[in-house]
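Undergrad: Take a look at the following structure, please.
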Amino acid sequence: MNSVEQERGPRAQVIAALTAVLLVQCFAAARRDLFADEAFYAACATRPALAYADHPFLTAALVRGGVELFGWSSFGVRSMFLLLGLCLPALLAGLSRELGGSAREACWAAAAGVVLPGLALLPSLAVPDLPLIVLGTAGLLAGLRALRTNRWVDWLFTGAAFGLVLCTHLRGVLLLAGFVIGLALTARGRRAFRSVRAGCALVLTAAGALPMLLDALLNASGSLSYQLSERHATSADWGALLEFPLVQAALVCTPLLAFGLAAAAWQLWRARARGNAAAGLALGFALVPVLAYFAASPFSDRARAHQHWALGAYVPLLAVFPSVAARWWAAGGSRRALACAAPALGALLVLFVIVDLFTGWPGTQVLHRKFAGWSATATHTLRVIDELPAAERPQLLVADHYMLAAQLEFALRAAGRADLPVYVLSHPRNREHGRQPQYRRWELDEQALRTRGGARALLVMELDATRSREREAWRAHAASRVGEQRPLGDARYGWADNPLELSWSLGRVNGSPPAATTSRAD
């Protein structure tokens, strides 16, 4: 069999696999409800800004582009992220070639993202992680080419890509740090620091930090403040040092694939020791973020998921993994079995997630709870409004926390009722997730609600968002903001064993300051 025929086989298999995954991602993007963060980014997309309370502008801009093309729907919100996901296989193949892989290995590298569970279905979610990974990978690939060619276009593309990384999320700083430290790992890379072209690339990258810096200067509670300090623990949990690698190996990568990625890192380390500047750059890009997250894990945010933060660092290791697997295969015996089992186990876990999401079997709560019930809640709310006599219909909506407010605003826009504003009460959940300052900027918080004193309001509350022992106090607080309440019913929607518990009532906004009450969210 000649080389052309050898290449055609894996190429056809890879194209078939990527096409199947893309179809699943599109179906998932259209079928699943938005979860809270996605709905919040959709709210941001209607209010352009350089940065928001907890992130820069790029995620909201991508959402806005999607809904302009495909309308206010789950698919519209996620469509630009699906398109970004199409870039990742090409970037992985390019990385493989730049790092010395054969054409056949580059072909398999293009499909490597499909077998990494934390990465496989990410394009079907409108969250900052995917643009962070794609842009960071594009910057790394351009940087590798710049090291090899020293062309202006490669250096400028590198700077622009990392500038956009900084416009996506503060976590992009670690990818940039990995790139810079990777350059410093070899003599050839260190010489690049003296290059005028690399200096121009650095200027472009620095420009990407301006939105975050300006937001921090103009707003006392900017995205920098929240991401760097407010969301994290103030005391150390040293057990997290053990938990971090276990979670990464067991859930984000699977144990066998984690072993394969470690072998890929070792291969890059040995190549770097021989003076390979490309290997040193890729190694720094991979290891610096992972080691930083490991070191910071005792102080990391414990209330929200953060296990996915290191995903971008695994991409260059994924690109090298096919060459590692090829050596294992050539060695025969147990190594050949490992070369097959490592990606197969990852693919099986991805398949499990797909089956669970679309059939409900076996029913993993963590996969459903954050998505389920929101569209039914929004439909119920719209039906409540429509069934009211015209003279009693609300002039505004009030949600008891930002997640519900964002979902209701999305539903109103999808139904063509964007003129009905949605205000949010000062629930502790808003502060814990860093969104309270944003609603204050939009003048949709409790303080702004008081200026609408006397207006008819539909109050929607998610009862299980507040601890059971504190619900009466929170209800009293809500009643102090929306008085003369007339109950319009309650309902339970979403995941069967842990549904959303909601209530609707009609009242009038109280324009006086609220009585002092305290409440804590779960």
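Undergrad: Viscosity 1.306 mPa s, temperature 10 °C: what is the translational diffusion coefficient of segment 59-153 from Stokes-Einstein with a Kirkwood Rh over Cα pairs, rounded to a whole number of µm²/s?
TA: Stokes-Einstein gives a translational diffusion coefficient of 111 µm²/s.
Undergrad: Report the trypsin sites (Lys or Arg not before Pro) located in segment 457-517 that are in a DSSP loop and have at most 14 other Cβ atoms inside 10 Å of their Cβ, or state none.
TA: Answer in residue order: Arg467.
Undergrad: Provide the per-residue ³J(HN,Hα) series for segment 505-511, in order, calculated from phi with Karplus coefficients 6.51, -1.76, 1.60 and θ = phi - 60°, each as a whole number of Hz, with x at glycine and proline positions.
TA: With coefficients 6.51, -1.76 and 1.60, one gets 8, 9, x, 10, 5, 8, x Hz.
Undergrad: Among Ser124, Ser468, rank each residue by its count of other Cβ atoms within 10 Å, from fewest to most, as a rough exposure measure.
TA: By the 10 Å Cβ count, ascending, the order reads Ser468, Ser124.
Undergrad: A further question on this structure: Sum -39500 (n - 2.57) across every DSSP H segment of at least 4 residues in the chain, then divide by the residue count to get the 222 nm mean residue ellipticity, nearest 500.
TA: That calculation yields -19500 deg cm²/dmol at 222 nm.
Undergrad: Next question. Find how much the distance from Ala341 to Phe259 grows on full extension, using 0.36 nm per residue of separation minus their present alpha carbon separation; answer in nm with one decimal.
TA: So the extension gain works out to 28.4 nm.
Undergrad: If you stretched the chain out fully between Arg270 and Phe294, how much longer would it get, using 0.36 nm times the residue separation minus the C-alpha to C-alpha distance?
TA: Between Arg270 and Phe294, full extension yields an extra 6.3 nm.
Undergrad: Given H placed 1.01 Å from N in the peptide plane, which residues other than close sequence neighbours of Leu500 have an amide H under 5 Å from its amide H?
TA: Result for Leu500 returns Tyr493, Gly494, Trp495.
Undergrad: List the residue ranges in the chain for DSSP H helices whose C-alpha atoms run 24 angstrom or more along the long axis and whose Kyte-Doolittle average is 1.6 or above.
TA: TM-like helix candidates: 277-296.
Undergrad: With 10 angstrom as the radius, rank Trp442, Trp269, Trp108 by how many other C-beta atoms surround their C-beta, starting from the fewest.
TA: The fewest-first ordering by Cβ neighbours comes to Trp269, Trp442, Trp108.
Undergrad: Hey, what's the per residue convex hull volume over the C-alpha atoms of the chain, in cubic angstrom?
TA: Given the Cα convex hull of the chain, per-residue volume reads 159 Å³.
Undergrad: Quick check on the exposure proxy: order Thr158, Thr451, Thr234 from fewest to most C-beta atoms within 10 angstrom.
TA: Exposure proxy ranking, most exposed first: Thr234, Thr451, Thr158.
Undergrad: Where does each of 432-441, 11-20 land if you order them by average Cβ count within 10 Å, highest first?
TA: Descending packing order for the listed peptides: 432-441, 11-20.
Undergrad: Which far-off residues, 5 or more places away or on another chain, put their amide H under 5 Å from the one on Arg467, with H placed in the peptide plane?
TA: Arg520, Asp522
Undergrad: Treat each spin label as a single point 7 Å out from the Cα along the C-beta direction, and report the Ala250 to Ser512 distance in nm.
TA: Distance between label points: 5.4 nm.
Undergrad: For Thr46, what residues show an amide H to amide H distance below 5 Å, using hydrogens built from the backbone and excluding near sequence neighbours?
TA: none
Undergrad: Can I ask one more? Can you tell me the relative contact order of the chain? Whole percent, Cα pairs under 8 Å, sequence separation 6 or more.
TA: This gives 15 percent for the chain.
Every number here is computed from the coordinates shown, using simple stated rules; none is lab data. Being a predicted model, the structure only gives us computed values, none of them experimental. Every residue, glycine among them, receives a Cβ derived from its backbone with ideal geometry; neighbour counts consider all protein chains shown.
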